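J.: Sharing a structure with you now.
Please treat every number below as a calculation from the coordinates, not as lab data. Keep in mind that what you see is a predicted model, and the values were worked out from it rather than measured. Counting neighbours? That spans all protein chains shown, and the Cβs are built from the backbone with ideal geometry, glycine included.
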Amino acid sequence: MQRRNGGLMSPLGLAGCCLAVVVLCGGCAVSPKPALVDAPATVSLADKPGQSPWALGTASPGVASVWEHQPFPGKAASRYRYVYTDGRHALRAHTQTSISLLHQKIRLSATELEQVQFSWKVPALIASADMALREADDSPVRLVLVFEGDRSKFSMKNAMLSELAHTLTGEPMPYATLMYVWCNTRAPGSVIVNPRTDRIRKLVVESGAGRLNQWLDYRRDIAADFKAAFGEPPGALLGVGIMTDTDNTRSETQAWYGPVTLTKR
């Protein structure tokens, strides 16, 4: 297993690498130089005693309120900064032809999965974005959940991607990645299959420009949403992350994320 920053690479960190893998397999040019990481290695509120709104709530009391930054090979990194705005603790994401994610590892068995609560504020949509197209697969906000499962069910293409991920990272590609997203046009409840691998699917929870520039709060049933996206019950939840990206559309955007809370049965 590959090590980063002296520790084991988390499952969601691996998801970030695998997303980079499918970008590579999609034929995008990648610079041989490492990406400049213009974001903190970790995000926490350790300097604010008694406050930890970015902890993962009741899902895993032992998990520290630290989210690791995961840049993508050959890509400029998005910027994530803690802010207190509109009376809320939040992370501000800013992208300029960039992509990276913040993630935290977690493990919840399929029988424990219940709800995820999250919030975000988006000032503007990415005009040319379309998450169903390789060349336009950007989003102002994403909440990312990574799951384990039976990789023997992989198609030949996904098996090859998994082998490539294993070669590059020391671990196979995650069985399934579910993203909650804001889409320009598709109705809430729509499922967008990633154009590079069907093991990454996006569930639209917000659409269009009608609710821009306001905080939106969500409470989602994880197992039900996974089944709606993948047509089967989920395996264990291995990681949670947030991601704002504009690398494909070569544009600039910003958004704010509120704390993420997982609850278990």
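J.: Go through segment 213-260 residue by residue and tally those that are more than 17 Å from MET131 (Cβ to Cβ), of a type outside the set (A, V, I, L, M, F, W, C) and not in a loop (DSSP other than H, G, I, E, B).
T.: Number satisfying all stated conditions: 10.
J.: List every residue pair whose Cβ atoms sit under 6 Å apart, with the two residues 6 or more apart in sequence or on different chains, where the first one lies in segment 141-166 and is on the phi > 0 side of the Ramachandran plot and surrounded by 22 or more Cβ atoms within 10 Å (Cβ to Cβ) and the second, anywhere, is outside any helix (DSSP H, G or I) and among the β-branched types (Val, Ile, Thr).
T.: none
J.: With (1) over 24 Å from LEU262 (Cα atoms); (2) without any contact (Cβ under 8 Å) to a residue 12 or more places away in the chain as the list, and ILE126 as the residue in question, which single condition is left unmet?
T.: For ILE126, the exception is condition (2).
J.: Just checking, how many residues over segment 91-120 are assigned to a strand (DSSP E or B) and either over 16 Å from the mean Cα position of the chain (by Cα) or under 28 Å from LYS227 (Cβ atoms) (or both)?
T.: Summing the residues that are assigned to a strand (DSSP E or B) and either over 16 Å from the mean Cα position of the chain (by Cα) or under 28 Å from LYS227 (Cβ atoms) (or both) in segment 91-120 gives 17.
J.: Could I ask something else about it? Being over 13 Å from MET243 (Cα atoms) and of a type in the set (A, V, I, L, M) narrows it down to one of LEU101, LEU91, LEU108, so name that one.
T.: LEU108
J.: Name the residues in segment 219-239 that are buried (at least 18 other Cβ atoms within 10 Å of the Cβ) and free of Cβ contacts under 8 Å to residues at least 60 places away in the same chain, would you?
T.: ASP225, ALA229, PHE230
J.: Return the residue satisfying two criteria in turn: it lies in segment 160-194 and is part of a strand (DSSP E or B) and among the hydroxyl-bearing types (Ser, Thr, Tyr), and of such residues it is nearest to MET131 (Cα to Cα).
T.: TYR180
J.: Continuing with this model, one more query. When only residues in segment 167-177 that are of a type in the set (A, V, I, L, M, F, W, C) and within 20 Å of ILE192 (Cα to Cα) count, which is surrounded by the fewest Cβ atoms within 10 Å (Cβ to Cβ)?
T.: Selected residue: ALA176.
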